[in-house]
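All remarks here apply to the structure that follows.
Each reported figure results from applying straightforward, stated rules to the coordinates on display, with no laboratory input. What you are looking at is a predicted structure, and each value in this text was computed from that prediction instead of being measured. Cβ atoms come from the backbone with ideal geometry, glycine included; neighbour counts cover every protein chain shown.
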Amino acid sequence: MSLEISSLNVSIADKQILKDFNLTIPKGEVHAIMGPNGTGKSTLAKALAGHPDYTVNKGSALLDGEEIFGLEPDKVARKGLFMAFQYPVEIPGVSIANFIRAAVTARMNKEASDAFSATAYYKALYAKMDELKIPREFTARSVNEGFSGGEKKRCEILQMAMLRPKYAILDETDSGLDIDALRIVAEGVETMRGPDIGIVVITHYQRLLNYIKPDVVHVMYGGRIVKSGGPELALELEARGYGWVEKEFGALV
């Protein structure tokens, strides 16, 4: 079982960003995508999530054999795709507890939803909050309202832990995090990895990969994957920067 992206071409405002993009994420693996600004990393994440500003001109994305392009974002999520945003939005007036419970029960059938008691829900929620060092009183706060960058990212990983998706796309989860928050968020992601989930970590920097150990590292440039390798590839990028990528693959842009 896998998330299989084939021959994907995506544009925004008539500008093509992804160009015959191909990537397969098997369940049970963590893949990192690295690359310079403007190469299409966030475009990939948003296109998969069904963002309306991004036009899929060609290609497919099969989630365990089912096409997700053409589906509304909520249906993509129900199929089991989770996305952690680079800049999580605030939802005033909606508490974290109510938001996550609504998302969790939306993926259940009616019988399971009716049987999912408040006691069972809060027991599971508090256990995950404790792991992520999120104060329990945060359950009554509005989603991301007034949160620091680290609190927003921990809240997203909490959502991921409670939803238990089949595949997760983490778009620059390390953005805006200090060292302590980075470690806590990364440890939360690490507790999720296993045979039932495939994870894509999108990042500029190797520092996140000190905590989240990828099985495969991909270099993205010019709207496509130009090189793949093991964790040592991230160290090479950290040491050499992206200049050599631009020099070697500049003709692709």
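You can think of it this way: the chain between D53 and S142 has 29.4 nm of extra reach, that is 0.36 nm per residue less the Cα-Cα gap. Segment 1-25 and segment 108-176 have their alpha-carbon centroids 29 Å apart. Each label point was placed 7 Å from the Cα along the Cα-to-Cβ direction; for K27 and A112 their separation is 1.3 nm.
Annotation: amide H of I17 within the under-5 Å range of V10, S11, I12, sequence separation 5 or more or interchain, hydrogens built in the peptide plane.
Restricting to Cα pairs below 8 Å that are 6+ residues apart, what does the relative contact order work out to for segment 2-252? Please round to a whole percent. Please list the in-between numbers first.
Details: 452 pairs, mean separation 71.6, N = 251.
Here the relative contact order equals 29 percent.
Taking amide H as placed 1.01 Å from N in the peptide plane, I197 has its amide H under 5 Å from the amide H of G28, each at least 5 places away in sequence or on another chain.
Pairs from the list K58/K247; K15/K58; K75/K166; K15/K41; K27/K110 with a Cα-Cα gap above 25 Å: K58/K247; K27/K110. Between I12 and S228, the FRET efficiency estimated from the beta carbon spacing at R0 = 35 angstrom works out to 0.85.
Starting from 0.36 nm per residue, how many nanometres of slack lie between D130 and I91 once their C-alpha separation is accounted for? It would help to have the intermediate numbers written out before the result.
Values: separation 39, 0.36 × 39 = 14.04 nm, distance 2.27 nm.
Value of the extension gain: 11.8 nm.
Highest GNM mean-square fluctuation among V89, V76, V219, for the chain modelled with Cα contacts below 10 Å: V89.
Taking only Cα atoms, what is the 0 to 90° angle, nearest 10, from helix 179-192's long axis to the longest principal axis of the chain? Between the helix axis and the principal axis of the chain, the angle is about 80 degrees. Within the listed set L71, L81, L48, the Gaussian network model of the chain (springs between alpha-carbon atoms below 10 Å) gives the highest mean-square fluctuation for L71.
Working note: Karplus 6.51/-1.76/1.60 with θ = phi - 60° gives segment 237-245 the couplings 5, 5, 6, 9, x, 9, x, 5, 5 Hz, where Gly and Pro are set to x.
Helix 118-131 and the longest principal axis of the Cα set of the chain meet at an angle near 50°.
Taking amide H positions as modeled 1.01 Å from N, with prolines and chain starts lacking one, the residues under 5 Å from I33 and 5 or more places away or on another chain are V201, I202, T203, H218. Computed from backbone phi with θ = phi - 60° and the Karplus coefficients 6.51, -1.76 and 1.60, the 3J(HN,Hα) list for segment 33-45 is 10, 10, x, x, 4, x, 8, x, 5, 6, 4, 4, 4 Hz; x is used for glycine and proline.
The GNM of the chain, with springs linking C-alpha atoms under 10 angstrom apart, assigns the highest mean-square fluctuation among T24, T203, T173 to T24. The phi-based Karplus calculation (6.51 cos²θ - 1.76 cosθ + 1.60; θ = phi - 60°) puts the 3J(HN,Hα) values of segment 152-163 at 5, 5, 5, 5, 5, 5, 4, 4, 4, 5, 6, 7 Hz, whole numbers, x for Gly and Pro. Compute the long axis of helix 96-106 from its Cα atoms, compare it with the longest principal axis of the Cα atoms of the chain, and write down the angle in degrees, 0 to 90, nearest 10. Result, in degrees: 80.
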